[in-house]
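Here is the structure we will look at, set down as structure tokens.
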Amino acid sequence: MFAPSQEQVRRFFCEAWSKHQAALPLTPLEAQAADWIVEHPEYHQDLADVEAAIARQYTVEEGRTNPFLHLSMHLSITEQVSIDQPRGVKQAVQLLAHKLNSLHEAHHVAMEALGEMVWEAQRSGKPFDGPAYIDRLQMRATR
């Protein structure tokens, strides 16, 4: 399994954004990342300086979302949907996107559910509960 370091993740997003802005060729993953970065202009400044991005600490006290975590979650959900893993996530995200009239907002709802499920798995010491994650997404899509 690929487990990039914090520095590698930050370099990846900064480089994808830089290449996108320069209209250079992007790998498929970089293109997905650039698409999500475009959707988040509030992160553009964070991605402009690679070395500053690597050094920066994002704390709860700042009251600001870590752009690299947020963008990574967008990529994770994009991948989940593309392979429908866990099974049912594709339909659930599509339902959310239809309900909210926005794939972007559907991703944000899915991020919240994903974060809750990861937190619960870490807290309980049990494996990630894919069916419960899908249930949460379905519930949010239908209420």
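Things worth noting here:
- Residues located in segment 74-85, provided they are in a helix (DSSP H, G or I) and either farther than 14 Å from residue 10 by Cα or modelled with pLDDT under 95 (or both): 74, 76, 77, 78, 79, 80, 81, 82, 83
- Flag for residue 16 being of a type outside the set (D, E, K, R) and closer than 20 Å to residue 128 by Cβ: no
Yes/no matrix, rows are residues, columns are (1) more than 29 Å from residue 35 (Cβ to Cβ); (2) assigned to a helix (DSSP H, G or I); (3) open to solvent by 70 Å² or more (accessible area, probe 1.4 Å); (4) of a type in the set (Val, Ile, Thr):
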position: 98; (1), (2), (3), (4): no, yes, yes, no
position: 104; (1), (2), (3), (4): no, yes, no, no
position: 107; (1), (2), (3), (4): no, yes, no, no
position: 114; (1), (2), (3), (4): no, yes, no, no
position: 117; (1), (2), (3), (4): no, yes, no, no
position: 121; (1), (2), (3), (4): no, yes, no, no
position: 127; (1), (2), (3), (4): yes, no, yes, no
position: 133; (1), (2), (3), (4): no, yes, no, no
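- Verdict on residue 54 being aliphatic (A, V, I, L, M), in contact with a helix residue (DSSP H, G or I) (Cβ under 7 Å, 6 or more places away or on another chain) and modelled with pLDDT under 95: yes
- When the residues of segment 35-73 are filtered to those that are polar (S, T, N, Q) and over 17 Å from the mean Cα position of the chain (by Cα), the one that is surrounded by the fewest Cβ atoms within 10 Å (Cβ to Cβ) is 57.
The values are calculated or read from the model by the stated rules, or taken from the named source; none is laboratory data. Source: prediction; values computed, not measured. We place every Cβ from the backbone using ideal geometry, glycine too, and count neighbours over all the protein chains shown. Quick note on the areas: whole protein, heavy atoms, side chains included, nothing else; ligands and nucleic acids left out. Shrake-Rupley method; radii C 1.70, N 1.55, O 1.52, S 1.80 Å.
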